[in-house]
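Scroll down for the structure; my scribbles are underneath it.
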Amino acid sequence: MGRRRRQPSSPSPAAEHPLEDDDLLREILLRLPPQPPYLLRASLVAKRWRHIAIDPKFLHRFRTDHGKPPLLGDFSLQINGKLSFRSTLDLPYRIPPDHFSLQVNGREPWRLVDCRHGRVLLINSEMRQVIVWDPLTGDRSLLSAPPAFDDMHTAAVLCAAGEQGHAHGACHSSPFKVVVVDSCEHGDETVVFVSVYSSETGVWSDLLSTPLASMGIAVGNRSTLVGNTFHWLLLMSNNILEFDLDRQTLAVINRPPGVRSDDSAWIIQADDGGVGFSALSCAHCQYVYCYHQPCFQMWDRKANYYGVAVWVLRKSIGLQKLLGLGFKIERNWSHIVRYAEHVHALFLWVHSSLFIVQLESMQPKELFKSDPMYTYYPFTSFYDEG
C-alpha cells in the first residue's frame, strides 16, 4: 500500500500588522514626547493616525500621562503695549510670533509679571487693574486690584484645578488664582501684604501680612511655585518671602550663607521636590563689580539632625565649564534670567546669548542672541495645533 500523499493546508489569513491595531497604535502615540512636532508628524502619516491624534479623549490622556507641558517659547511686553511671543521650538515647527498676540494700552504703565500654567499675568498699579490672559484660547479676564492695596509690587498666577491627574498645561477651562503682593513702610520696618483672588468666587481674600526686619526692603519680581507655596526674593535683603497657599501663612527665611544680595540668583525646585536655590557667585572677592569668572551654584533646603531647615550646597561649577564656552566670562556680563518650573530649567544670559540649562542633566543649549534688558517669561503649554 503506497504512502498517502499529504494534502496542502489551506492558507491562513495574513497576520494583522501591529500598527493596524488602533489600541496598539494609540499606546505607541501616547509615548511620543510632549513637544508639538512629534504628535504633529505622527498625525501626517495617515488619516487613521490623525483621527487618533486629534481625538479629545486621546489628547486628555496624552497630557495626563506626560503631566508636565513642554516649553513653547517666551513672552515680553514691548514699549508700545504689545505682548510679543518668541518660539523656542526648532525649525520648521516654530510657532509664528503673531499666533499669540495681545495688545494693551501702550500709554498706560502695564507690567508683565508672571507666566504659569498656560496663563499670562499683567498688572497696572496706576489703574489698579490685573489682566489674566490665556494665549491659546484668547480668553482675557480684567480684574480690579484688592481695595486695600495702595500699590501692587508684583503678582503671580496659577491654576486652581484640584482634580486628580490634572495636567497643568491644558488649564483653559479650569479656575485660576492670582496672588498680589504689596509692601509699605511702618515705623522702622517694612510690612508685606498678600491677597488672593479666586476666579471661582470672584472675590479677593482678606489681607495677610508679615513684618520684615528693616526699612527699604522690596519684593522682587521673581516668583517660584514649589508645591503649593510661592517664594519671592526680597531685594536689598538676604531673605526670601514664602506664602503657603494651603495654610494661608506668610514666612521669611534666609538665603543660603555666602550669597550676597547683589548676586544673580533664583529660587528653584530641588530634586526631591523641596525648595532649592541657584546663584551666579564670585568666590574670589566681595566687590559688587568684579571681573572674575562667575561660579554657578545650587543649594537644597533640608532638615538637619535636629530637624532644623538648613541650606546644603549641592553643586558648584564654573559657568564657563558648564556652558562649554571657549572664552572667559565676566561676572558683569552674565546673569540668571528666569526659571521655568515645569521643564526644571534655568535661562542664563551670557555675553549677548541666551542659554537654557536643564538642571536634571546639567545640559546647556544656546537658544539665540538676546538683549540683556530683554524680559524673558517662559511659556509652557500643551499645543495641539498644526
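Per residue, the range 21-125 exposes an accessible area of 52 Å² to a 1.4 Å probe, with every protein chain left in place. Applying D = kT/(6 pi eta Rh) to the range 61-105, where Rh is the Kirkwood radius over alpha-carbon pairs, T corresponds to 25 °C and eta to 0.890 mPa s, the Stokes-Einstein value obtained is 202 µm²/s. Based on Cα contacts under 8 Å between residues 6+ apart, the chain shows a relative contact order of 12 percent. If you compute P(r) over Cα pairs in 10 Å bins from 0, in percent for the structure shown, which of (i) 4, 11, 14, 10, 8, 7, 7, 7, 7, 7, 6, 4, 3, 2, 2, 1, 1, 0, 0; (ii) 4, 20, 28, 23, 15, 7, 2, 0; (iii) 4, 20, 29, 25, 12, 4, 2, 2, 1, 1, 0, 0, 0 do you land on? Computed from these coordinates, P(r) over Cα pairs in 10 Å bins from 0, in percent corresponds to label (iii). Available extension along the chain between Y38 and N228 is 65.3 nm, counting 0.36 nm per residue and deducting the alpha carbon span. Put a dot 7 Å past the Cα of D90, heading toward its Cβ, do the same for H335, and the two dots end up 3.2 nm apart.
Computed from the Cβ-Cβ distance with R0 of 22 Å, the FRET efficiency linking E108 to D139 stands at 0.55.
Using 7 Å Cα-to-Cβ label points, what is the F58/Y374 separation (nm, one decimal)? Inter-label distance under the simple model: 3.6 nm.
What FRET efficiency would be calculated for the residue pair V45, Q78, taking the C-beta separation as r and a Förster radius of 30 Å, to the nearest 0.05?
Details: r = 40 Å, r/R0 = 1.33.
Given R0 = 30 Å and the Cβ-Cβ separation, E is 0.15.
The 3J(HN,Hα) values that the Karplus relation (6.51, -1.76, 1.60; θ = phi - 60°) gives for the range 345-353 are, in residue order, 9, 9, 10, 10, 9, 9, 6, 6, 10 Hz. Gly and Pro appear as x. FRET efficiency for the pair T201 and K328, taken as 1/(1 + (r/R0)^6) with r the Cβ-Cβ distance and R0 = 51 Å, rounds to 0.40. With both labels modelled 7 Å from their Cα along Cα-to-Cβ, the Y306 to N238 distance reads 1.8 nm.
When the C-alpha to C-alpha distance is required to be over 25 Å, the pairs from K68/K365; K328/K369; K68/K328; K82/K369; K315/K365; K68/K177 that qualify are K68/K328.
Name the GluC sites (Glu not before Pro) in the range 113-200 that are in a loop by DSSP and that have at most 11 other C-beta atoms within 10 Å, would you?
Values: sites: E126, E163, E185, E189, E200; in loops: E126, E163, E200.
In loop regions of the range 113-200 (DSSP not H, G, I, E or B), the sparsely surrounded GluC sites (Glu not before Pro) are E126, E163, E200.
The values are calculated or read from the model by the stated rules, or taken from the named source; none is laboratory data. Please read all numbers here as calculations on a predicted model, not as lab measurements. Here Cβ is always computed from backbone atoms with ideal geometry, including for glycine, and neighbour counts include all displayed protein chains. Calculation scope for accessible area: heavy atoms of the full protein, side chains included, ligands and nucleic acids excluded. Shrake-Rupley method; radii C 1.70, N 1.55, O 1.52, S 1.80 Å.
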